[in-house]
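So the structure is just underneath, and the comments pick up after that.
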Amino acid sequence: MPEAIAEIEAPWHQATSDADAVVAALGAWFATRGWTPHAFQERTWRAFTQGESGLVHVPTGAGKTYAAFLGALLDARGQPRPGLAVLYVTPLRAVSRDVEKSLRLAVEALAPGLSVGSRTGDTLAAERSRQRARLPEVLVTTPESLSLLLASPEARSRFATLRAVIVDEWHELLASKRGVQVELALARLRRLAPGLRTWALSATISNVEEAAQAAVGVGARAVVVRDDLPRPIEVESLLPPDPRRFPWAGHLGMTMLEPLLRWLDPSIPTLLFTNTRSQAERWFAEILKARPEWAERLALHHGSIELGIRERIEAGVKAGSITLVVCTSSLDLGVDFSPVERVVQIGSPKGIARLVQRAGRSAHRPGARCRVLCVPTHAMELVEIAAAREAIDRREIEVRPMVRAPLDCLIQHLVTIGLGGGFESDELFGEVRAAWCFRDLERREFDWGLDLACRGGATLRAYPRHHRLVEESGRFLVRDRRIAALHRLNIGTITADATLSVRLAGGARLGSIEERFIGRMRPGDDFLFAGRHLELVRIREQVATVRPARRATNATPHWSGSRFPLSTALAASVRRLLDDARRGRSIDAPELPAASVILKAQAARSRIPAADSVLAEVLHGASREGGSHWFLYPFEGRLVHEGLAVVVALRLGRRRRGSFAISFNDYGVEWWSVEPYPFESMIEPSLFDGANLAEDLVEAVNLGELSRRQFRDIARIAGLVPQRTLGGDSSARQVQAGASLLFEVFSQFDPENLLLAQSRREVLERQFEGDRLAGTLARLAAGPIELVTLSAPGPLAVPLIADRLGTTLSTESVLEQLAALGVASDDAVVEPPAVVAARIEGRARRGGRR
């Protein structure tokens, strides 16, 4: 131990309570490493020593981990009895290894008597067995593994010595049910370990105070530690060689492959981010095809690839043997790749926080300048990139909406605590309401969930497997060993379609692929996965056996979920930038000269959208397609526009009968009537009235079917339909059938079932961003709407038409059909593969004609 530390530590026999001494001791240790503490780190150490809890909000790579952990470490040294003292929760189990290494470095120097360990889904059985006897003083874990620990009968004694919990990447957890899971776990830990201090870490969030309060719980004081550290973000763009030929629409962006290849240098460590796993697969394959000599230095990384393969890639990046990685959000968070000097974002990031997070992966060290190169996939993304840079300069980051009181999570938590020693209902109700997300929970809702967990609720009482909790002398516990084992297998809130393991014939496992994709394939079919061209040999017992394909293929799996919608902050910045372009204001953005081609074309055929109005276009009798088109451009993102499209189509039909085909993207909506339709006379404020939005959405879309699909995930989390069974994983069909049966039973015999109501709420918010949709309708109703009559489709209209035509059976290509609409053949209108990708990814789920 360094002498300076020893001198300061000499009088410390218990926890250090003097804040000045703590700061001095930690500053001395920093000096031995050649570091200087930041002011925010010292403020956090002081706050912790003074008994405070809160949130550290500073840029990526600034040193948040040591800010939160070191004060807790010195405090843990003097705890009166051995046992778990500091719990570090990370949302990514892959990150736990790096976190453990970083914490161990400090522990060995400052508290060598303490032990450090990890508990995640990857922890070996032997280590788990040792931890059952005694947990280490410092434990790194995930939300799911924390819940498993709370489901242990020894939970009360295991956590009695806990003094601090640190939650990393809090901004990522907050907006999901995993955040709810953590909040409920924290509420329980505060009951088991009074005086517990909680610190959350975040880099990219705007609702900082609310996030801090969620971390510390209802009624507790939340300290927010910030620092305006000089870590500028430079957003650059790769401009198309010929803007006149750059597509007006597309998703994959392969027209930019050659320019990117010229820019890349395999001697410079670089992460190339894409927004979807399918896009990552395609870009990796195309880069490897064009530069086979890079094979040893190029890798593909996403969440469906086998863990061992991903670990080897991460180790290769750190060692410098792998220098180019095509990846998804699997490398967004936490992993410290100090060698990485460059970051590439392929396609618009669709959100400011996402771009900031990814940029922070470059030069991941305090004070270093972040650089990110954005590669547009079509012309309007040039505008998005310029708008993203402006939003970063303005420090405009999206608000992370928090999940409120999901009863499926509550029901799972009730059973977890029933396994972890049991509970009294009044006591646990107060504990749950101390969690920020459940602060408004009503007693009737709690009792309803408790009844469902105990007796199956009003409709499942006859089925013993739904009697998970039993009441004994006022305490609720789990007594059935089979129910206990099944619950532990299914703890967690991450839901996805059932997957099959992909394994080479006679060889290694490559990863997992969704059953809905591979289930449609036949032996002999080829597809692209894990960076390899594969041929399906057979499917047996949840395993897809494959072998190398004889030929290359572009058939790529498409995983559940969709592409990111345009975020609120980026959408607002795009509208401002377009307004500047319309008014001829000077715009200091290198993308604008290239984007001027599409903007001038839009101005010539229509108008460039203004910030204080919403552009609408109508087109009647366009060539062979005929009929009438109405285009509307709120620039509010594809989810909002989907809801807008179906609600307005319904209301139009009420005013004058007609059949409509609809199309939508991040920028706007198209309604097309095969018969002439007077759209102009229909555009008035009442068409956008938000008063009956929920009712009209129910009528406009098959909300019952959408709710049924959402209920499947809710039923999994609530433990009504387990994804994993004691005999192995259930297939997608089994889960779907079980959830659908329950949905029908509840709908028929228990229509007031609170989980049914939750499924409807979640559909409205997740499918259509309900609150944002309501705000968009209010903006449209307030007006003004600028109406332009077209003689031919413009650059904003063409992608909408192309999308619709790409989902219509025709012997003509999309380009031929667009030519029939009067779009000149020399216009750079679409990237054909993107239309195909759009169809495969499910963008056709729009309700068809009305």
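Residue-wise HN-Hα couplings along the range 70-87, as the Karplus relation 6.51 cos²θ - 1.76 cosθ + 1.60 with θ = phi - 60° gives them from phi, are 5, x, 5, 5, 5, 5, 5, 4, x, 5, x, 9, x, x, 4, 10, 10, 10 Hz; Gly and Pro carry x. The coefficient of translational diffusion for the range 685-805, derived via Stokes-Einstein from the alpha carbon Kirkwood radius under 25 °C and 0.890 mPa s, stands at 140 µm²/s. Each 10 Å bin, from zero up to the one with the longest distance, holds this percent of the alpha carbon pairs of the range 569-683: 13, 40, 31, 14, 2. Amide H contacts of residue 788 (H built 1.01 Å from N, in plane; Pro and chain starts excluded): 616, 617, 618 sit under 5 Å, all sequence-distant by 5 or more or on other chains.
Sorting 514, 744 by solvent-accessible area of protein heavy atoms yields 744, 514, largest first, with a 1.4 Å probe.
Note on the range 618-774: the C-alpha convex hull projects to 11.7 nm² when averaged across all orientations. So what is Rg over Rh here for the range 42-181, counting just Cα atoms and using Kirkwood for Rh? The Rg/Rh ratio comes out at 0.93. Ligands, DNA and RNA excluded, the heavy atoms of residue 771 present near 130 Å² of accessible surface to a 1.4 Å solvent probe. Between amide H atoms placed 1.01 Å from N, distances below 5 Å from residue 223 occur with 53, 54, 55, all of them 5 or more places distant or on a separate chain. Here the Karplus curve 6.51 cos²θ - 1.76 cosθ + 1.60, taken at θ = phi - 60°, turns the phi angles of the range 683-692 into couplings of 7, 8, x, 5, 5, 10, 4, x, 4, 10 Hz, with x standing for Gly and Pro. Tell me, how many Å apart are the Cα centres for the range 266-303 and for the range 422-447? Between the Cα centres of the range 266-303 and the range 422-447 lies a distance of 48 Å. Measuring max minus min along each principal axis, the C-alpha atoms of the range 93-175 give extents of 35, 34, 26 Å (largest first).
Seen against the Cα atoms of the chain and their longest principal axis, helix 277-290 is set at about 80 degrees.
Got a sec? Which residues in the range 225-240 would a label at residue 611 touch, if it sits 7 Å along Cα→Cβ and we count backbone N under 11 Å? Inside the label zone: nothing.
Element breakdown for the chain at a 1.4 angstrom probe: carbon and sulfur atoms account for 50% of the accessible area. Seen against the Cα atoms of the chain and their longest principal axis, helix 703-718 is set at about 20 degrees. Can you give the translational diffusion coefficient of the range 77-139 in µm²/s, computed by Stokes-Einstein from the Kirkwood radius over Cα pairs at 4 °C and 1.567 mPa s? For the chosen part, D equals 106 µm²/s.
Taking 0.36 nm per residue of sequence separation and removing the Cα-Cα distance, the residue 540/residue 781 pair yields an extension gain of 81.2 nm. 3J(HN,Hα) along the range 134-151, derived from phi through the Karplus expression 6.51 cos²θ - 1.76 cosθ + 1.60 where θ = phi - 60°, amounts to 6, 6, x, 5, 10, 10, 9, 8, 10, x, 5, 5, 5, 4, 4, 5, 5, 7 Hz, with x in place of Gly and Pro.
Our summary of shape: the Cα atoms of the chain have principal axis extents of 86, 66, 60 Å, ordered from largest down, in whole angstrom. Solvent-accessible surface of the chain, taken per residue with a 1.4 Å probe and all protein chains present: 39 Å².
Over the chain, Cα pairs under 8 Å with separation of 6+ residues give a relative contact order of 12 percent. For the range 548-654, averaging the sequence separation of C-alpha pairs within contact (under 8 Å, six or more residues apart) and dividing by the residue count gives a relative contact order of 26 percent.
For the range 587-732, the relative contact order comes to 18 percent (Cα pairs under 8 Å, sequence separation of at least 6). Once you reduce the range 191-234 and the range 22-76 to the center of their Cα atoms, the two points are 14 Å from each other. Only helices enter the 222 nm calculation for the chain: every DSSP H run of n ≥ 4 contributes -39,500 (n - 2.57), and dividing by all residues gives -13000 deg cm²/dmol, rounded to 500. Near the amide H of residue 400, within less than 5 Å, lie the amide hydrogens of 206, 207, all on another chain or at least 5 residues away, with H placed in the peptide plane.
Between residue 551 and residue 31, how high is the FRET efficiency from 1/(1 + (r/R0)^6) when r is the Cβ-Cβ distance and R₀ = 56 Å? Nearest 0.05. That gives a FRET efficiency of 0.40. What the Cα convex hull of the range 405-475 gives, in volume per residue, is 86 Å³. What the Cα convex hull of the range 215-300 gives, in volume per residue, is 214 Å³. Sparsely packed loop sites in the range 519-619 (the trypsin sites (Lys or Arg not before Pro) outside DSSP H, G, I, E and B with at most 15 other Cβ atoms within 10 Å) comprise 520, 550, 551, 583, 585. Residue-normalised convex hull volume from the C-alpha trace of the range 526-594: 156 Å³ per residue. Where the alpha-carbon atoms of the range 197-253 are placed on the principal axes, they occupy 59, 27, 14 Å, in descending order. How many percent of the alpha carbon pairs in the range 113-154 exceed a separation of 17 Å? Roughly 23 percent, once rounded to a whole number. Given a Förster distance of 41 angstrom, what is the FRET efficiency for residue 789 paired with residue 692, based on the Cβ-Cβ distance and rounded to 0.05? Once the sixth-power term is evaluated, E becomes 0.85.
Please name whichever of 462, 512, 687 sits farthest to the positive end of the charge dipole of the chain, dipole taken about the Cα centre and charges placed at Cβ: Lys and Arg +1, Asp and Glu -1. Among 462, 512, 687, the one farthest towards the positive end of the dipole of the chain is 462.
The values are calculated or read from the model by the stated rules, or taken from the named source; none is laboratory data. No experiment lies behind these values; they were computed from the predicted model shown. All Cβ positions, even for glycine, are placed from backbone atoms using ideal geometry, and neighbour counts span all protein chains on display. Ligands, DNA and RNA are stripped out before the accessible areas are found, and what is left, the full protein with its side chains, is counted by its heavy atoms. Shrake-Rupley method; radii C 1.70, N 1.55, O 1.52, S 1.80 Å.
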